[in-house]
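Quick one: the structure is below, questions incoming.
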Amino acid sequence: MPTALVIAAAGSGTRLGAGMPKALAPLADGRALLAHCLDAVAAARDAGTSLDAVVVLVPADPDGGARVRAVVAEGRARLGAPVACVPGGAERADSVRSGLAAADRALGRGVPGPRHVLVHDAARALTPPAVFAAVQEALDAGAVAAIPGVPLTDTVKEVVLADAGAAPGERTLRLTVRGTPPRGGLRAVQTPQGFDLDALLAAHEAVRADPARDAAALTDDAMVMEAAGHAVAVVPGHAEAFKVTTPLDLDLAAALLARRPADRTPDERTAMADATATQTPALPVLPRTGIGTDIHQWAPEDAPRPLWLGGIHWPGERGVAATSNGDVAAHAMCNALLSAAGLGDLGAVFGTDRWEMKDATGEAMLREVLRLLAEAGFRVGNVAVQVIAPRPKVGTRRAEMEAALSAALDGAPVSVSAATTDGLGFIGAGEGLVGLATALVVPAH
Ligand SMILES: Nc1ccn([C@@H]2O[C@H](COP(=O)(O)OP(=O)(O)OP(=O)(O)O)[C@@H](O)[C@H]2O)c(=O)n1
Ligand SMILES: C[C@](O)(CO)[C@H](O)COP(=O)(O)O
């Protein structure tokens, strides 16, 4: 599919306060934010994202524009696609509209089939290749719009200005809470945002022609598509796709750069890590172990349920009482992995507000835990899980369980074992069964 990338780099960076256009602001290694963004695009391309044209929106003022063009000139060879620089507008939406027109020209009209565009913020300079890939995959699968999103970690309030209670003449306006949207249904969205190019061109044109629309209120391009009535798919984003907006974000960027295996010498990396250590908390450097358990009651004889254990179905075996599929092996593994990464446990992660995970299979939970681990900078070393129950006979299907559980963890080694309790305790009495797991995780970089 012909695909253009539009990089919005025309902003002034008021909130960063660097005294220069944000695209030029140096990160910890002295290189401009936009240079890092171009590296991220090159890395995405190397990892399989296909790009046929790149448009970079540069500041409209001649001096800032020339300096940003110079950064593009230095990085263009790494992109492996024709690159055009176009002056941006007053608001991000104005800039993007100019970029889309340039993308339209660059890809050419009359090509059979859809043309795609990825709209990316230069300010999300450290976005990992996986985010580009997820957006492009969704477009290739037929989505007209696809955006990366991450679950929220803060509770969000809708607030209103209220001066009730203010003394006469008091000028202070107070904010009061109007409501609290359920957090499980919210996502913080990132870029690149991917679209059918012709649909996005038409949607931007429609909002531009609407005098009631304020360009400053159009904070992303998905909104423009939503206004035109298009469905917008959400794919997994990544914590490292954060937007450099305030000076604190530069500290986070410095910490990330110090741990990335970029094309720097070991001495350069050590120097950066030393410089960063004074500003940011130490990053994990050692393997970490974790422990997890899960216990379920057997389902009552008069309300039978299927048994899922170790990622596989056990026909003919009595299932467990649970709202999920009750896979104690997978759940114990999730707990052990979260414990190893210091991310809490299943209750904390999937508790009451991750409604999209309700009724999830054990494998889906493991995949989500793996994603959370990656976000926190860890990959899985290995997991050992033991089922404590007189039945089913785990040994007969151990290899199948190990294969299913390992597949859910992208191939990380999983070993499965089993034990009984010699008839003792609640397990021996046939009340329920236990999953017990240990996990080792290691820093991803
Ligand atoms: N008129 C604008 C405004 C923003 N952007 C780009 O849109 C992205 C997201 O905007 P933001 O982070 O808000 O950047 P600034 O507008 O530069 O920052 P501020 O709002 O603090 O001034 C940035 O990569 C920015 O360069 C743009 O191309 N044109
Ligand atoms: C497009 C965006 O990055 C999605 O989160 C965001 O809306 C840009 O907002 P900004 O205020 O222009 O930084």
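Throughout, read-outs are computed from the coordinates displayed, never taken from laboratory work. In this text, all values refer to a predicted model and were calculated from it rather than measured experimentally. Ideal geometry is used to build each Cβ from the backbone, glycine not excepted, and the neighbour counts take in all protein chains shown.
With a 10 Å Cβ neighbour count serving as the proxy for reagent exposure, in which order, fewest first, do 252, 436 appear? Display every interim value, and only then the final one.
Details: 252 17, 436 22.
The most exposed by this proxy come first: 252, 436.
Kindly provide the pair-distance distribution of the range 104-252 built from C-alpha pairs, with 5 Å bins from 0 and whole-percent values in order of increasing distance.
Cα pair-distance distribution for the range 104-252, in percent: 2, 8, 14, 15, 17, 15, 11, 7, 5, 3, 2, 1, 0, 0.
What net charge is computed for the residues neighbouring residue 443, neighbours being all others with C-beta under 11 Å from the C-beta of residue 443, Lys and Arg scored +1, Asp and Glu -1? Provide the component values of the computation, followed by the final result.
Details: positive: 259, 288, 379; negative: none.
With Lys, Arg at +1 and Asp, Glu at -1, the net is +3.
Hey, another quick one. Give me 200, 370 sorted ascending by neighbouring Cβ count inside 10 Å, so fewest comes first. Provide the component values of the computation, followed by the final result.
On the way: 200 29, 370 19.
Arranged by neighbour count, lowest to highest, 200, 370 become 370, 200.
How high is the relative contact order of the chain, in percent, counting Cα pairs under 8 Å that sit 6 or more residues apart?
Details: 921 pairs, mean separation 61.3, N = 445.
Answer for the chain is 14 percent.
Of 140, 221, how do they rank once you tally other Cβ atoms within 10 Å and put the fewest first?
Working: 140 15, 221 28.
The order, fewest Cβ neighbours first, is 140, 221.
With viscosity set to 0.692 mPa s at 37 °C, what whole-number translational diffusion coefficient in µm²/s follows for the range 57-131 from Stokes-Einstein and a Kirkwood radius over Cα pairs?
Values: Rh = 13.9 Å.
For these conditions, the coefficient is 236 µm²/s.
Among 6-17, 187-198, how do they line up by average Cβ neighbours within 10 Å per residue, starting with the highest?
Working: 6-17: 21.6, 187-198: 23.3.
Listed from highest to lowest mean packing, they are 187-198, 6-17.
Further, regarding this structure: So what are the radius of gyration and Dmax for the Cα set of the chain, in Å?
Gyration radius and largest Cα-Cα distance of the chain: 25.7, 82 Å.
The chain: longest stretch without exposed GluC sites (Glu not before Pro) (DSSP loop, at most 16 other Cβ within 10 Å), sites themselves excluded? Can you show the working numbers first?
Working: sites that count: 170, 301, 317, 431.
Between exposed loop sites, the widest span is 1-169.
What are the radius of gyration and Dmax of the range 288-443, computed over its Cα atoms and given in Å?
Spelled out, the Cα radius of gyration and Dmax of the range 288-443 are 14.7, 48 Å.
When the chain is modelled as a GNM with alpha-carbon springs shorter than 10 Å, which of 43, 101, 203 fluctuates the most?
Per the Cα network of the chain with a 10 Å cutoff, 101 tops the list.
With label points built 7 Å along Cα→Cβ from the Cα atoms of residue 317 and residue 175, find their separation and express it in nm.
Here the modelled spin labels are 5.2 nm apart.
If you don't mind, another one. Where in the range 310-339 does the label zone of residue 291 land, with the point 7 angstrom along Cα→C-beta and an amide N cut-off under 16 Å?
332-339
Sticking with this one: Could you tell me the relative contact order of the range 25-102? Use alpha-carbon pairs under 8 Å, at least six residues apart, and round to a whole percent. Mind dumping the intermediate values first?
Numbers: 88 pairs, mean separation 24.8, N = 78.
Here the relative contact order equals 32 percent.
Right, something else. Contact order normalised by length for the range 288-443, with contacts defined as Cα pairs under 8 Å and 6 or more residues apart; what percent is it? Numbers along the way, then the final one.
Details: 356 pairs, mean separation 51.5, N = 156.
Across the range 288-443, relative contact order equals 33 percent.
How many nm is it between the label spots at residue 410 and residue 152, if each spot is 7 Å from the Cα in line with the beta carbon?
Between residue 410 and residue 152, the label points sit 2.8 nm apart.
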